[in-house]
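A.B. asks: Let me begin by handing over the structure; questions about it come next.
The values are calculated or read from the model by the stated rules, or taken from the named source; none is laboratory data. What you see is a predicted model; the values in this text were computed from it and never measured. Cβ sites come from the backbone with ideal geometry, for glycine too, and all protein chains shown count toward neighbours.
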Amino acid sequence: MNQQPLDTKPLYQKTVWVQDLLKTTDFTVDISSEPFIIENIRQHKTTEGSPFIRLEITDKTGKIPARIWNEDFPSCNIHEIKEGDIVLIWGNLTQFRERRYIRVTKLKIIAEDNVNIGELTNTALQADLDTLWTKLTQIIASIKNPYIRQLLNNLFSDPKIANAFKTTAAAEMVHHDYIGGLLDHTLEMIDIAEVILKHYPQADRDIVVAGIILHDIGKILEYETKRTVVKRTKQGYLLGHIYLGLELINKYLPAGFPEEYKLQLFHVVLAHHGELEYGSPVRPATIEAIIVSAVDDISSKVKQFQKELQTKQPDSQGFGEYHKFIRTRVYFSHLARQKHKENSQDTASSNTIELTLNAESD
Ligand SMILES: [Fe+2]
Ligand SMILES: [Fe+2]
């Protein structure tokens with residue numbers, strides 16, 4: 001990633017942010033030579049058969065849909081734009097059936113050197129990646145079983161694996177779908193599991209912790225990440241991360257690795273999706289496997305709620321739009337509580353005024 005020299009400003013700086021475009025009621029906002037990253041491109045046709053392009057564009061504050069209509073194709077480089085490109089966009093904010101999008105009237109691909117990349121991608125997390133990585137290495141060092149510790153050290157002493165594990169997302173768009181998402185998801189799971197483990201002394205901490213570190217390691221081959229864009233690879237589509245992970249682990253098993261530990265660790269990885277219909281070939285049969293599967297479920301599901309609350313806006317009743325993965329509409333309870341608090345404060349202060357007025361008139 002190119003860095004801007006300290007004393008020079010990038011040519012193009014952001015003035016309009018996605019998070020504001022998603023909230024504003026001012027549809028006259030001017031979008032002119034505004035930098036974004038192209039996250040998604042799809043060709044479509046209107047019901048009348050006229051071609052148009054559906055995009056998703058991002059900056060570090062979020063993602064917003066955009067459209068290029070047929071008549072704007074000549075000014076939009078439509079044959080050259082690719083997912084992951086940094087572009088300047090001209091256009092206006094518009095709405096169709098309560099769904100807002102940017103109508104792009106002009107688009108230009110630009111080089112990364114011309115923008116402050118920190119305005120377009122979430123570099124806060126990238127800056128934290130080294131800290132997260134140190135935490136992971138400390139956790140590996142805390143594993144008592146020398147074979148399991150050696151297996152993890154073998155894997156992560158390969159710089160290709162270490163680098164991929166540090167930067168891969170944990171999903172395309174469901175949970176932890178950002179650079180470093182896999183590492184973040186893994187550490188979050190270990191934190192939760194450490195609390196759970198205190199209650200279940202029968203569970204082997206080494207198997208649980210190593211199982212968590214390894215459960216999604218196949219995602220380093222299942223996904224590739226380019227800037228903020230996470231895509232599934234061909235082997236990801238055809239083989240999936242559970243198989244890819246096991247194949248990788250198998251390659252790095254140290255000599256003499258005890259068969260019983262191998263069975264148990266492999267079982268944790270194979271069973272972590274919990275149910276056959278969720279992609280696991282076997283259901284959890286050990287206490288360690290059920291802990292890892294349950295913690296994976298917590299980390300992935302709660303994260304989706306958190307993301308919804310952070311990035312979406314509720315309707316007038318306080319509900320977000322239907323979420324196909326959560327399978328309901330999330331209720332923004334914290335906003336409702338805040339509103340309730342403000343209302344009761346308003347009522348309390350208007351009561352005070354009323355009482356004062358009554359007292360004066362008496
Ligand atoms: Fe998984
Ligand atoms: Fe996971």
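A.B. asks: From the list Gly62, Gly91, pick out the single residue that is in contact (Cβ under 8 Å) with a residue 24 or more places away in the chain and closer than 16 Å to Tyr178 by Cβ.
C.D. replies: Values: Gly91 fails: closer than 16 Å to Tyr178 by Cβ.
Just one listed residue meets the conditions, Gly62.
A.B. asks: Another question, then. Quick check on my filter: what residues within segment 20-32 are surrounded by 12 or more Cβ atoms within 10 Å (Cβ to Cβ) and without any contact (Cβ under 8 Å) to a residue 60 or more places away in the chain?
C.D. replies: Asp20, Ser32
A.B. asks: Pairs please, first residue from segment 228-242 and in contact (Cβ under 8 Å) with a residue 40 or more places away in the chain, second anywhere and within 15 Å of ligand 1 (Cβ to nearest atom) and part of a strand (DSSP E or B), Cβ atoms under 7 Å, 6+ apart in sequence or on different chains.
C.D. replies: Pairs that qualify, where the first residue is in contact (Cβ under 8 Å) with a residue 40 or more places away in the chain and the partner is within 15 Å of ligand 1 (Cβ to nearest atom) and part of a strand (DSSP E or B), are Val230/Tyr223; Lys231/Tyr223; Arg232/Tyr223.
A.B. asks: If you don't mind, there's one more thing I want to ask. Just one of the numbered conditions (1) at negative phi; (2) in the same structural domain as Ser32 (by TED's automatic domain parsing) is not true of Ser142; which one?
C.D. replies: Single failed check for Ser142: (2).
A.B. asks: Filtering segment 246-279 down to residues that are within 16 Å of ligand 2 (Cβ to nearest atom) and among the small types (Gly, Ala, Ser), which residue is surrounded by the fewest Cβ atoms within 10 Å (Cβ to Cβ)?
C.D. replies: Gly279
A.B. asks: Take segment 280-311 and flag every residue that is farther than 17 Å from Val209 by Cα, surrounded by 14 or more Cβ atoms within 10 Å (Cβ to Cβ) and either more than 16 Å from ligand 1 (Cβ to nearest atom) or more than 15 Å from the chain's Cα centre (by Cα) (or both).
C.D. replies: Ser280, Arg283, Phe305, Lys307, Glu308, Leu309, Thr311 - these are the residues of segment 280-311 that are farther than 17 Å from Val209 by Cα, surrounded by 14 or more Cβ atoms within 10 Å (Cβ to Cβ) and either more than 16 Å from ligand 1 (Cβ to nearest atom) or more than 15 Å from the chain's Cα centre (by Cα) (or both).
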